[in-house]
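Structure record follows, encoded as structure tokens.
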Ligand SMILES: *Cc1c(COP(=O)(O)O)cnc(C)c1O
């Protein structure tokens, strides 16, 4: 068994345990393998272990990997998620190559993505990134501005609004982590109470996925626990 295969089994086990503790069905939580900084070979190994959804932060790097995999594994049916910051000059690449974008936090970017999504491709599946803990340097729409942004994005023709994504500051301990994730959950529930029909709450990473699942996460984004530690930049 490869290391990545072994790691994937362990992460799946952690998700299953967290779901059992929260009295949730294990199929309610999707594992997104965050392959940023790792090459196409790492993705191929994860594919061999049954992983299908992959997340990328850096757009250029992600697109190169998507093209490489399309070449070597044309039948793999991989679902690619863009989870990193998006500058205006990168929206065309994102719209042309990714299936999902989880890091939309302003209307200008959403408008460009919708305009630039090539005809004939399925709508781009979108999560709005929300700044749940008010970190000053962080991206993400402020909670107070979330409903208006959700309204605007939901009306764009080539986008399909699916949910919310958050990246809280690292907090120490399960309860502190869960408390922050519950704020995202409350925002998610509030939008659904207004009829948005969202089905994706993307939260939880290698160090805090248990707390995220306890708070209602439907998609955990896991990098290091699957692929190993990344080179520090
Ligand atoms: C890198 C990254 C992850 C994965 O983080 P790990 O700690 O390696 O699991 C998840 N989400 C986002 C947005 C990231 O940038």
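Only the coordinates and a few stated rules stand behind these numbers; no lab work does. In this text, all values refer to a predicted model and were calculated from it rather than measured experimentally. Every residue, glycine as well, gets a Cβ built from its backbone with ideal geometry; the counts of neighbours run over all protein chains shown.
Can you give the relative contact order of the chain as a percent, counting alpha carbon pairs under 8 Å and 6+ residues apart? Write out the running numbers ahead of the final one.
On the way: 423 pairs, mean separation 48.4, N = 233.
Rounded, it is 21 percent for the chain.
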What does the helix-only formula give at 222 nm for the chain: each DSSP H stretch with n ≥ 4 adding -39500 (n - 2.57), the total divided by the residues, and the result rounded to the nearest 500 deg cm²/dmol?
-12500 deg cm²/dmol
Enter the Cα centre distance for the pair the range 172-231 and the range 108-156, rounded to the nearest angstrom.
18
Taking 7 Å along the Cα-to-C-beta vector as the label spot, tell me the residue 27-residue 92 distance in nanometres, rounded to one decimal.
4.2
What shape does the chain have by the C-alpha gyration tensor, where a ≥ b ≥ c are the square roots of the eigenvalues, rounded means a/c under 1.5, and otherwise prolate means a/b greater than b/c and oblate the rest?
oblate
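Taking Cα pairs under 8 Å and at least six residues apart, what relative contact order does the range 1-103 come out at, in percent? Working shown, then result.
Values: 112 pairs, mean separation 23.6, N = 103.
Relative contact order for the range 1-103 comes out at 23 percent.
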Normalising by the residue count of the range 99-187, find the relative contact order in percent from Cα pairs under 8 Å and 6+ residues apart.
32
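Quick check on the exposure proxy: order 67, 209 from fewest to most C-beta atoms within 10 angstrom. Display every interim value, and only then the final one.
Working: 67 12, 209 23.
Least to most surrounded, the residues fall as 67, 209.
Could you list 64, 169 so that the one with the fewest beta carbons within 10 Å of its beta carbon is first and the one with the most is last?
Details: 64 15, 169 10.
The fewest-first ordering by Cβ neighbours comes to 169, 64.
Fewest Cβ neighbours within 10 Å first, please rank 2, 200 accordingly. Can you show the working numbers first?
Numbers: 2 12, 200 19.
Placing the least packed residue first, the sequence is 2, 200.
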